[in-house]
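None of the figures in this text is laboratory data; all of them are computed from the coordinates on show. Predicted model, so just to flag it, every value in this text is computed and none were measured. Cβ sites come from the backbone with ideal geometry, for glycine too, and all protein chains shown count toward neighbours.
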Amino acid sequence: MDIASVAALLLVGMASAIFGSIVGLGGGVIIVPTLMLAGQWLTGETVNAPTAVGTSLAVLIFTALSSTMTYARHGTVDWRSGWLFFITSGPAAILGARWANAVSDGPFQLAFGCFILLMFGLMVARERLKPADIRWPIRRSFRDRAGQVYTYGYNAWSALLIGAGVGFVSGLFGIGGGSLFVPLMVLLYRFPPHVATATSMFVILLSSLSGSVMHFFDGNIEPVALLALAPGALLGGRLGARIAARLSGSQLMWLLRMTLLVMAGFLIYQGIRTM
């Protein structure tokens, strides 16, 4: 790997972490397609779907750690809720990582794109759907810097079910699962977008650790690419969290929707073309 490739991977890691921590995705929607499509130039060899996913998930550990630490200083991480979601997301991430080995590149890209398109549809629906007005048994509250208090809530069984879905997606696609987690937290549980994003990154950190262990033992992590991506991810995660703190909830959701649409169309096209 030459200097240009290392520099390019550093930039990819930083860009994915900045974007991922802003919208709560973890940045895998950038890392996975980049490794699969440009792996030959970046690493000197072709990168298949399981290796792209495993490497991305390992990088997400650094992104999520850096972002979570910054969000924690801003006081926007709901630690108690995050640990509850992780009870099922951890084991499910391991299961998803194992399934990633059984999918070839073309079907993987097609499935990945369709999943992201589904998330885009959910975000568009949010414009016409109001957050569910449900009196959940577990009630939480959050006070922002302006002094405004937000209330939200959930029940344990639905939180555990969503955690399992997020974890499985995390291990299978290497994207952290925030594209599913954040809109569900906002629409179903009425989480404030900033709290949903910050708490999502905390769960992504825990799920990424679980899924990466399985990918490591399956040989799905490209060590050279990981070493080049990780420093950029550490810096980008911190920068992204700081940028997110300055954006409004509507701006966060707009950025998430547009990115999901672009990435979905690109991956579906590539998946159909390579099948």
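Tilt of helix 3-23 relative to the longest C-alpha principal axis of the chain, in degrees (0 to 90, nearest 10)?
20
Using the charge dipole of region 3-274 (Lys, Arg: +1 at Cβ; Asp, Glu: -1 at Cβ; taken about the Cα centre), state which of G211, G240, G106 has its Cα farthest towards the positive end.
G240
For the chain, modelled as a Gaussian network with Cα springs under 10 Å, which listed residue fluctuates most, V166, V124, V29?
Fluctuation is largest for V124.
Between L95 and L11, what is 0.36 nm times their sequence separation minus the Cα-Cα distance? Round to one decimal in nm.
27.2 nm
How do 84-90, 217-223 rank on mean C-beta neighbours within 10 Å, highest first?
For the peptides 84-90, 217-223, the packing ranking is 84-90, 217-223.
Taking the Cα-to-Cβ direction at I138 and at L227 and moving 7 Å from each Cα, how far apart do the two end points lie in nm?
Reported label-point gap for I138 and L227 is 4.1 nm.
How compact and how long is region 3-274, expressed as Rg and Dmax of its alpha-carbon atoms in Å?
In order Rg, Dmax, the Cα atoms of region 3-274 give 17.3, 56 Å.
Suppose R0 equals 25 Å; then what is the FRET efficiency for T46 and A102 from their Cβ-Cβ distance, rounded to the nearest 0.05?
Between T46 and A102 the formula returns 0.85.
Let's see if you can work this out: charge +1 on each Lys and Arg Cβ, -1 on each Asp and Glu Cβ, no other charges. What is the dipole magnitude of the chain about its Cα centre, in debye to the nearest 20?
It works out to roughly 1180 debye.
Applying a 10 Å radius around every beta-carbon, put 129-138, 111-120, 4-13 in order of their mean neighbour count, most first.
Order by mean packing, descending: 111-120, 4-13, 129-138.
Run the numbers on region 82-204 and let me know its relative contact order in percent, using alpha-carbon pairs under 8 Å that are six or more apart.
Taking the mean separation of contacting Cα pairs over the length of region 82-204, I get 41 percent.
Per residue of the chain, what 222 nm ellipticity follows from adding -39500 (n - 2.57) for every DSSP H run with n ≥ 4, rounded to the nearest 500?
That comes out to -27000 deg cm²/dmol.
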